[in-house]
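Here's the structure we're looking at; comments come further down.
The values are calculated or read from the model by the stated rules, or taken from the named source; none is laboratory data. Because the structure is a prediction, the values reported are computed rather than measured. Every residue, glycine among them, receives a Cβ derived from its backbone with ideal geometry; neighbour counts consider all protein chains shown.
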Amino acid sequence: MPRNTTVTITAAAVTLACLGASIYASPPVVAETMGRQVQEFSPLKPETYPVATNVQDDVEPPLAQDRDQSIAATADPGDDPAPQTSESVPRHIDEITLTPVTADDKVTNPRSRRSSTASPHKPSEAEVTPPESASDASTEEPAQTESHIPEDLDSPDSLTVIVNKQRHLPADYEPTDLVELSAEFSSGSQLLRQEAAEAAHAMFEAAQQDGISLTAISAYRSYDYQVELYDTYVRQYGAATTNHMSARPGYSEHQTGLSLDVDTPDGQHTLKQSFGDTAAGQWVAEHAPDFGFVIRYPEDEHDYTGFQYEPWHLRYFGEQYAQHIAEHSGVAEREFALDPAPDYQD
């Protein structure tokens with residue numbers, strides 16, 4: 001009998017599945033003046049204004065031409081970036097603060113009062129910098145390079161207002177915070193705005209500690225005072241010469257209450273360019289910026305400032321800006337990105 005053999009083969013089906021995962025990174029981490037007459041009468045007493053007959057013979061026009069936040073990117077990176085967070089890491093910004101020098105301060109080393117700029121943190125190779133940080137840095141760079149330019153160069157009350165032959169003050173402008181300088185460091189009654197007066201007092205004290213005697217011989221001048229002074233010089237020297245030595249009414253920085261003329265008590269170099277060659281003049285040139293002052297009309301810069309070299313004429317801007325000006329070109333207009341003002345527009 002035949003034998004039937006049935007072979008049944010059963011194949012088992014095998015199925016494989018693959019899953020993908022992605023890791024994403026956190027969002028990117030997101031600053032004028034000349035004439036010795038200015039010593040002889042007060043800008044607040046019109047009856048003492050000079051007349052042409054009172055001009056002293058030894059007043060001579062200058063002969064030479066004119067001369068010279070911190071963003072500490074301390075966003076400390078973490079040791080290990082958190083891969084699953086979308087929070088931004090805060091950036092810490094240290095802003096430079098202008099602290100007025102008080103009259104009671106004893107400055108023993110004025111140079112030590114300079115502000116320092118911290119270097120931005122440089123990421124290590126192990127740190128992961130998101131691609132967006134490149135554009136982020138490019139947007140911050142202009143702010144850093146322009147941090148030396150004050151926000152307000154126009155308002156009469158601004159400590160950084162610029163007054164020159166093309167930028168004038170209103171005829172009725174008078175500062176509201178004028179104070180009288182100490183009689184110890186001034187000839188007659190001299191007024192400055194309070195912050196500038198405190199800085200000037202500290203500067204005079206520091207000079208005294210270095211064996212230098214300084215005195216303020218002219219400071220704030222009203223518009224009416226400048227009218228009388230300017231007209232006197234025009235009668236004495238003529239308009240063309242006067243315009244190179246003294247500002248027209250409304251165009252004088254003395255009206256801001258932020259400018260002063262300095263001298264030594266002996267008066268041998270009063271309002272003369274030779275003052276710059278004296279020990280006092282050299283001390284002023286070196287140390288004035290530490291107290292917020294600059295020589296407003298540097299040597300060989302007449303084509304930019306409009307005035308001849310006046311080593312005795314100081315202007316207060318505050319330490320941050322004064323130091324920047326002094327360490328660079330020495331000309332406020334140039335450092336503040338303003339056009340030259342060699343002459344009046346009319």
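If I filter segment 306-329 for residues that are at pLDDT below 95, farther than 23 Å from His148 by Cα and touching a Pro at 6+ places or on another chain (Cβ under 8 Å), do I get at least one hit? Within segment 306-329 (the criterion being at pLDDT below 95, farther than 23 Å from His148 by Cα and touching a Pro at 6+ places or on another chain (Cβ under 8 Å)), the answer is yes, since at least one residue qualifies.
Checking each residue in segment 181-213 for being in a loop (DSSP other than H, G, I, E, B), among the aliphatic types (A, V, I, L, M) and crowded, with 23+ Cβ neighbours inside 10 Å picks out only Leu181. Remark: pairs (first residue in segment 192-204, under 13 Å from Leu178 (Cβ atoms); second residue modelled with pLDDT of 95 or more and assigned to a helix (DSSP H, G or I); Cβ separation under 7 Å; 6+ apart in sequence or on different chains) = Leu192/Ala200.
Give me the helices (runs of 4 or more DSSP H) completely within segment 221-321, filtered to those with at least 3 residues that are over 25 Å from the mean Cα position of the chain (by Cα) and of a type in the set (A, V, I, L, M), ordered by residue number. Can you show your working first?
Numbers: elements: 223-237, 239-245, 279-287, 302-305.
Because the criterion is at least 3 residues that are over 25 Å from the mean Cα position of the chain (by Cα) and of a type in the set (A, V, I, L, M), the helices (runs of 4 or more DSSP H) in segment 221-321 that meet it are 223-237.
Among the residues examined, Gly267 does not qualify as at negative phi, touching a strand residue (DSSP E or B) at 6+ places or on another chain (Cβ under 9 Å) and surrounded by fewer than 24 Cβ atoms within 10 Å (Cβ to Cβ).
I'd like the full set of residues that are more than 14 Å from Gln255 (Cα to Cα) and among the aromatic types (Phe, Trp, Tyr), limited to segment 179-236. Selection gives Phe185, Phe204, Tyr233.
Looking only at segment 151-170, residues that are exposed (fewer than 15 other Cβ atoms within 10 Å of the Cβ) and either of a type in the set (Asp, Glu) or closer than 23 Å to His244 by Cβ (or both) come to 4 in all.
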